[in-house]
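Structure first, commentary second.
The values are calculated or read from the model by the stated rules, or taken from the named source; none is laboratory data. Everything quoted here is computed from the prediction, not taken from an experiment. We place every Cβ from the backbone using ideal geometry, glycine too, and count neighbours over all the protein chains shown. Please note that ligands, DNA and RNA were not included when accessible areas were found on the heavy atoms of the full protein model with its side chains. Shrake-Rupley method; radii C 1.70, N 1.55, O 1.52, S 1.80 Å.
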Amino acid sequence: MIALTGATGCVIAGAIFTPQFVFAALTILGLAVLVIYYVFACSRRVPGVAVVILLTALLERSVRDLLGFANIPFAPYLSYLDDAVLALAIPFTVAHHVRAWARTRRASNRGVHPIRSRTPLSALEAVPGLTWLGFAIFATAGVLSQFVFWTNPQGFITGTWLALKLPLTLLIVVSLQWNRRAVQSIITAVVIVFFLHSAVAVVEVIAPSAVHAVFDGSHATERLGLSSLKGIFSHPVQSATFCMFVVAFLVNGPVGRFPRAIGYAAAALAVASLRVKSLFGLVAVFAVRFTVGGGRRTRIWAPLTVAVIAGAVTLVGWDLISSRFSSVMGADGSPRSELLTASIHVTLDHFFLGGGFGSFASEASRAAYSPLWERYGLSDQYGFVEGNALFATDLSWATVIGESGFFGAAGMSLALLALIARIVPAAWRHRTTTWHLAAVAFLATVVIDSLASPRIFDGFAAAGLSVLVALTSTSCNGESMAIGDARP
């Protein structure tokens, strides 16, 4: 964390106190320090790897916008930074499991039963086997379909990488050696970023043009006559996703009173993004908090309390909710309904396997424009036109169904349901704030968001969920990973 803090300090100091060429030099120096630290962390499997993955997925666009505002030439290449840090960690993770498997084989040949924590599957046991099976079915369907039908070979490699970000991130993060100090580092990092985001959001209320000039104002939106706050992010969606993670992490996790207060503040900022999915996500987070994690009396009153909160949210935000719902599932040919209908036709025409990764409703199918857009009558519709396919990735499940078919959708559903089935009972048994409870809450928000956004394939959502799942492992709870007062 010292290296990480020092590198960040170089960038900030350069932005404030130095001319452009010195700023560029300090930025390169900071990135070099980060790379050295990250490679060392990957080789040692320390939790700092997860911190880097989480912050990179969260802040890469913000840093890119900041450097672009300072006219730094290499700023656009930072769009690939989260992919780079993820790809760099994969060889170290694979090497670890290969060595662990080799140790197990040698021990078995000598007739010695290896200690469970040293078996090759020990790190993976934080995640149920059915989850890995579900991801394997999803991956097999998407890859097999592309090889069989060869629908969009130009987008295959990129599409496969993007489709498998969630399982790959989960594998890397749960394979690290977690400890109490790492949890404190993550909490500190999240709180610092939230304070920075909140400060910029306050400035955005007063002088929105100043903030949008730095942090990509092209995605600034208005709903019901109000401006959606996005703070340091390029889009209100990113702000809402981050705030929902902070709420799930700090309100439902075993943290002290101050971090928990930050969690409630994040709930207010999530509402300021003016996204309907954030409203429903907040209801889900607090429903999990009181229904699963509350004491006996709290659980008795929880259904009524959640019903009242949900009713109040629906009543106050009915205009916003109804307008957004009609845009998703409306029968008037709305882009999202067209996207979902087309994805079903794609899988029906490809033996329930879909068109293959990178072929439909994904970022890869938009970048390397897929022939399926024209084949299914979308290439001439607004939002799906080549070069301006704004709505191409608006539904996670349209992507899953369109690229991996009903088999892939069944595999993805199995993976998520198996994960829920593993962590919910543990959260229920503790009857207090735990990492199990935080993981359930954030997973609920990801699933809700995925119904009308590409959230399943979002790098930060994958990193945040992976961190929370890793903290539910036996070794973490055995070391009393709670930070501060863990009582509800």
Q. Which distance in nm do the two modelled labels at LEU390 and LEU133 give, with both placed 7 Å along the Cα-to-Cβ direction?
A. 4.4 nm
Q.
For a protection proxy built on the mean count of beta-carbon atoms within 10 angstrom, sort 342-348, 384-390 highest first, please.
A. 342-348, 384-390
Q: Quick one: which residues, 5 or more positions from VAL385 or on another chain, have an amide H under 5 Å from its amide H? H modelled 1.01 Å from N in the peptide plane, none for Pro or chain starts.
A: LEU390
Q.
Between HIS97 and ILE28, how high is the FRET efficiency from 1/(1 + (r/R0)^6) when r is the Cβ-Cβ distance and R₀ = 25 Å? Nearest 0.05.
A. 0.15
(Q) Given a Förster distance of 30 Å, report the FRET efficiency between ALA84 and VAL203 from their Cβ-Cβ distance, rounded to the nearest 0.05. (A) 0.45
Q. What ³J(HN,Hα) values, in whole Hz, does the Karplus curve 6.51 cos²θ - 1.76 cosθ + 1.60 give for region 348-362 when θ = phi - 60°, with x put for Gly and Pro?
A. 5, 7, 10, 6, 6, 9, x, x, x, 4, x, 10, 7, 6, 10
Q: Give the calculated FRET efficiency between HIS430 and LEU196 to the nearest 0.05, with a Förster radius of 25 Å applied to their Cβ-Cβ distance.
A: 0.15
Q: Find the accessible area per residue for region 367-406; the probe is 1.4 Å, ligands and nucleic acids are left out, and the unit is Å².
A: 42 Å²
Q.
Could you tell me the relative contact order of region 422-464? Use alpha-carbon pairs under 8 Å, at least six residues apart, and round to a whole percent.
A. 24 percent
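If packing is taken as the average number of other Cβ atoms within 10 Å across a peptide's residues, how do 61-71, 138-148, 238-248 rank, most packed first?
Ranking the peptides 61-71, 138-148, 238-248 by packing returns 238-248, 138-148, 61-71.
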Q.
I want to check the label-to-label distance for ASP349 and TYR264. Put each point 7 Å from Cα in the C-beta direction and report it in nm to one decimal.
A. 5.4 nm
